[in-house]
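Student: This structure is in structure tokens; I'll ask about it shortly.
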Amino acid sequence: MSFTVAIDGPAAAGKGTISKAVAAHFGFAHLDTGLLYRAVGARVLAGAAPVAAAQALDPVDLESDDLRTPQVAQAASEVAVIPEVRAALTAFQRGFAKRSGGAVLDGRDIGTVICPDADVKLFVTASPECRAERRFQELLGKGTAVTFDSVLADVKARDARDSGRATAPLVPADDAVMLDTSELSAEQAIAAAVKIVGTARR
Ligand code: DC
């Protein structure tokens with residue numbers, strides 16, 4: 001039996017941490033759909049054309065180690081505005097959502113476009129400053145040379161592009177449960193999400 005959990009929200013709101021933990025808790029599979037756009041963005045940075053790169057995407061590409069850089073994130077956000085790129089990635093995401101045993105997909109348009117019939121929809125958010133601080137600490141931890149101001153500027157630029165695009169913009173689905181993680185620890189945010197999903201599962 002399929003059971004789909006859609007988790008959307010802006011960059012660095014805690015979607016990834018929450019999605020992984022929810023999937024582990026319930027024994028569901030997890031797809032970070034941002035990786036699809038990052039893999040296309042990485043190919044474009046290497047010289048490929050965006051739509052051809054999306055059409056040729058192989059799930060193995062998602063395992064590449066270099067998809068987590070700020071440059072790839074910006075490239076991902078840029079290719080994500082192209083309707084043909086989004087269309088090329090839709091079938092894979094919908095197939096994943098319907099796999100038996102349950103699936104958690106996190107992204108920007110899962111509850112609105114990819115899986116409008118998802119069993120549970122969460123919209124995870126936090127203030128831009130709070131998200132930039134988390135991403136800044138994460139990048140520092142990896143030894144990446146960045147400043148807080150540049151990370152905040154990146155977060156705001158991606159927010160504007162992700163929310164302002166014409167196709168599948170970042171907006172909460174009407175029936176999404178909002179989860180603001182600004183004042184929550186990772187453990188508290190995970191506990192809140194597990195409770196929401198558990199209630200919907202009964
Ligand atoms: O979640 P992320 O930061 O890895 O996503 C990278 C970019 O990919 C993001 O800025 C916008 C795009 N994206 C999207 O448009 N739709 C999704 N479902 C997931 C990501």
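Student: Based on the mean of other Cβ atoms within 10 Å per residue, sort peptides 60-73, 125-138 so the most packed one is first. Numbers along the way, then the final one.
Tutor: Values: 60-73: 14.4, 125-138: 18.1.
Order by mean packing, descending: 125-138, 60-73.
Student: Calculate the radius of gyration of the Cα atoms of region 1-118 to one decimal place, then report Dmax, the largest Cα-Cα distance, as a whole number, both in Å.
Tutor: Spelled out, the Cα radius of gyration and Dmax of region 1-118 are 13.7, 41 Å.
Student: May I pose another question? Starting from 0 in steps of 5 Å, tell me what percent of the Cα-Cα pairs of the chain lands in each bin.
Tutor: Using 5 Å bins, I get a P(r) of 1, 8, 16, 20, 21, 17, 11, 4, 1, 0 for the chain.
Student: Follow-up. For ALA46 and VAL146, FRET efficiency with R0 = 25 Å and r from the beta-carbon atoms, rounded to 0.05?
Tutor: Details: r = 22 Å, r/R0 = 0.89.
Given R0 = 25 Å and the Cβ-Cβ separation, E is 0.65.
Student: On to the next question. Hey, can you rank 181-191, 80-90 by average C-beta count inside 10 Å, highest first?
Tutor: On the way: 181-191: 15.3, 80-90: 18.5.
With the highest mean Cβ count within 10 Å placed first, the list reads 80-90, 181-191.
Student: Further question on the same structure: Calculate I(q)/I(0) for region 115-202 by the Debye formula, one identical point scatterer on each C-alpha and no solvent, and give its log10 at q = 0.14, 0.26 Å⁻¹ to two decimals.
Tutor: With one equal scatterer per Cα and no solvent, log10 I(q)/I(0) is -0.65, -1.23.
Student: Okay, moving on. Under a 1.4 Å probe, what is the accessible area of the chain per residue, stated in Å²? Could you put the intermediate results ahead of the total?
Tutor: Values: 9460 Å² over 202 residues.
Result: 47 Å² per residue.
Student: Quick one: compute the contact order of region 24-180, relative version, from alpha carbon pairs under 8 angstrom and 6+ residues apart, as a percent.
Tutor: Values: 182 pairs, mean separation 42.4, N = 157.
It rounds to 27 percent for region 24-180.
Student: Of PHE136, ALA153, VAL22, which is farthest along the charge dipole of the chain in the positive direction, counting Lys and Arg as +1 and Asp and Glu as -1 at C-beta?
Tutor: Among PHE136, ALA153, VAL22, the one farthest towards the positive end of the dipole of the chain is VAL22.
Student: I'd like the accessible area for ASP154, computed on protein heavy atoms only with a 1.4 Å probe and all protein chains in place. Round to 10 Å², please.
Tutor: It works out to around 60 Å².
The values are calculated or read from the model by the stated rules, or taken from the named source; none is laboratory data. Given the structure is predicted, the values throughout are model-derived calculations rather than measurements. Quick reminder, even Gly has a Cβ in these numbers, built from the backbone with ideal geometry, and neighbours come from all protein chains shown. For accessibility, only protein heavy atoms count, side chains too; no ligands or nucleic acids. Shrake-Rupley method; radii C 1.70, N 1.55, O 1.52, S 1.80 Å.
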